[in-house]
Structure formats: C-alpha cells, structure tokens
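The values are calculated or read from the model by the stated rules, or taken from the named source; none is laboratory data. Note that the coordinates shown come from a computational prediction; the quantities given were computed from them, not determined experimentally. Neighbour counts are summed over all protein chains in view; Cβ atoms, including those assigned to glycine, are modelled from backbone coordinates with ideal geometry. Surface accessibility is based on the protein's heavy atoms, side chains included, excluding ligands, DNA and RNA. Shrake-Rupley method; radii C 1.70, N 1.55, O 1.52, S 1.80 Å.
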Amino acid sequence: MDTVKKKRNPIAIVFLAILGIFGGLQLFSTPLEGKPVTGKIEAPREVISILENSCFSCHSNKQNLNWYDKIAPVSWAVNKDIKRAREVLNFSEWEKYSPAEHQGKMYAILNMMQSGKMPLHEYTLLHPSAKITTQDIEVIRKYTLSLSSVSPSAQNKMEPHSSSTTPATTPAKFPVSPNGVQYTPDFKNWKVISMSTLFDNSIRVIYGNDIAVKAVETENFHPWPDGSIVVKSVWKQQKLPDGEIRPGKFVNAQFMVKDAQHYKDTEGWGFAKFSGDELHPTGKTASFAKESCIACHRQLAEKTGYLFDVPMKVNTQRLIQNLQKK
C-alpha cells in the first residue's frame, strides 16, 4: 500500500517560524540599566503629579513600564528613548542642576507641552493616560512663570531702563562658553532678521551676521552655511504709564554658531547663552548643549535648520522676478 503523507499546514509553519524568531530576539534584549534617585524636584503637588504621570517614565530613574515595553524589539526602541531622555533631563538627578538650569528646564518642558511634541505621540498611543490636557499645561505654565525672579506685575512698576543690545556693563574680557563659543558685542551692528515675544513677558530680537542674512534672503538654510552666526538678545518687557511696551532689564544673549565639523553632536550648531550684566555663560562642560539646547531645536525647528524665529520667505530677488513675470 502507498503511504498517505499528511500535508503540513503552511499557516502553522509560518506561526512556528515567527514564534521562533520572536523567542530568539529575546536573547538580545537587555534590561535597562538601573540608576538610583539622587535628587528630587521640589514643586507643588499638582506639578509633580503631572510630571510623574507624563514625563517620569522616560525622564527619570523610576520607570513604570508595561510588560510589552520590556519585550524585544519594542524594548530596544524604549531603552534607546529612555537613555536619550535621561541625557536631556533627569528628574531623579535634579540636584545636579543650578537654579537657573531648573528654570530653563521648566521653560523647555512647557514649550514642548504647548507645541504637542511631548509626551511623544507614539508613547501616548500605547500609554493614553500620559496625555497632557490644557489644564495640565496651564498648571505647568503658572509654576514655570513663578520661578522668575521678577513677576510681570512687579516688573511693570520698575523704573525705566535704557534699552541696548548689550548689558549695562560689558566685561573687559568677553566670556567664552564651555564649548568654545565666545561672546561678542559686534552683533549690535548686524541686521535684525526677526523678533518675538514669549509668555514670560520678554522681548526677543534676533540678529544675524552677513552669512546668516544671506542664507535667509536666499532661503539657503537646509543646512545653514558654516560661518552663520545668529544672536537672540532678550530683555524683560517694561510697560510705561502711557501703555507703551519697551525693552527693560537685559536678560541674556543667546548665540548659535554654525560649524558642521566642530559641533557634530548638535546638528552643526554651537550653542551659548550669556546671562545678566556679568554675561555669565551657561553650562559646566562642553556637552551642555547636547544635554539641553538641541533637544528642543530638534523637535521644534528641524524644518528651518534647527533655528527658531526664522522669517517666512523673504527672498526679495525671487519675489521681484515673479512679479515681473505677471
């Protein structure tokens, strides 16, 4: 008699193959490195609650991960995101930040929340309870503004200041940021390429050197050419009795210097911030921008070459050519 061979079920074979591959992937899944909590953020209970619910799973050493977050290949992406998030901001190591950095971190958090960039969309798809509400944003906004040394109401009562693009007393020797970017007062002679205000009642004027101005005029900022320098000079708003708003107390000057080779870790930009009349540079090490500045610029300004407040199309030559064709 002929033996009748049973046909193998192709669906079962595919299922077993997938199961085998899936099981094999788990051999390459290493758990996230555990780190201790060395310092906690001190803030009102409602602020802590929002941060714990929407931020701590990535931006702290206390991960509250679901079972599927720990299974490869999902775990690979989760671990990578957490490691990167800890480098930018770690609520479990809050004691490492200075008071100025505390305030800067909260402003960055607020900007990310208001723009809808944080928490990450792909994270909230799997963790819907982490979504931010408009009420949450308002709580964070009020707390962030409370960290300012001068409240808006008190600021309006201040004596008039003479506005200038540099602080009242410029140091004899210009300071240098830890990453090598040096302050220069020359920017006050550059062209203004944009202006902006912010919820912290500040006035911000953005200057560009000749290379940056040409890049804006020709829309050549993908990427920005090396040698471009952009400076954002920031003042507190001052409201006069007649209702006029003008620059008041100098806050800081924020520099961005384009050098693609020297600043590879921060998309080719060297960041620096010089605060107060003493022009105190931000950061303790050369990597400070990698751990703070570039995170916001990557999320919010990639389309304009990682630079905020770039004017809309201002290519006057192209505009004239188009008008002449009509």
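Structure summary
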| read-out | value |
| --- | --- |
| Ratio of the Cα radius of gyration of the stretch 186-304 to 2.2 N^0.38 Å, where N counts its residues | 1.13 |
| Contour minus Cα-Cα distance for ASP259 and SER287 (0.36 nm per residue) | 8.6 nm |
| Straight-distance crosslink candidates among aspartates and glutamates, where the alpha carbon sits under 20 Å from LYS273 and sequence neighbours closer than 8 are dropped | GLU87, GLU101, ASP186, ASP200, ASP226, ASP259, ASP265, GLU291, ASP309 |
| With every protein chain in place, the stretch 90-153: carbon and sulfur % of accessible area (1.4 Å) | 58 percent |
| Gained length - THR184 relative to ASP210, 0.36 nm times residue gap less alpha-carbon distance | 7.9 nm |
| Carbon + sulfur, % of accessible area of the stretch 186-304 - ligands and nucleic acids excluded, 1.4 Å | 50 percent |
| Residue-level accessible surface for HIS121, protein heavy atoms, 1.4 Å, Å² | 120 Å² |
| Efficiency of FRET between THR124 and ILE11 - r from beta-carbon atoms, R0 35 angstrom, step 0.05 | 0.50 |
| Sites SER146 and LEU240, calculated FRET efficiency, Cβ-Cβ separation with R0 25 Å, nearest 0.05 | 0.50 |
| Long-range HN-HN contacts of SER92 with modeled amide H, under 5 Å | ASN61 |
| Cross-link pairs beyond the 27 Å C-alpha cut-off, checked among LYS142/LYS258; LYS83/LYS232; LYS40/LYS284 | LYS142/LYS258; LYS83/LYS232 |
| Charge dipole (the stretch 186-304, unit charges on Cβ, about Cα centre) - positive-most of GLY276, ASN220, CYS296 | GLY276 |
| Placed amide H near HIS280: partners under 5 Å, 5+ positions off or other chain | SER275 |
| Solvent-accessible area per residue for the stretch 186-304 (1.4 angstrom probe, square angstrom) | 49 Å² |
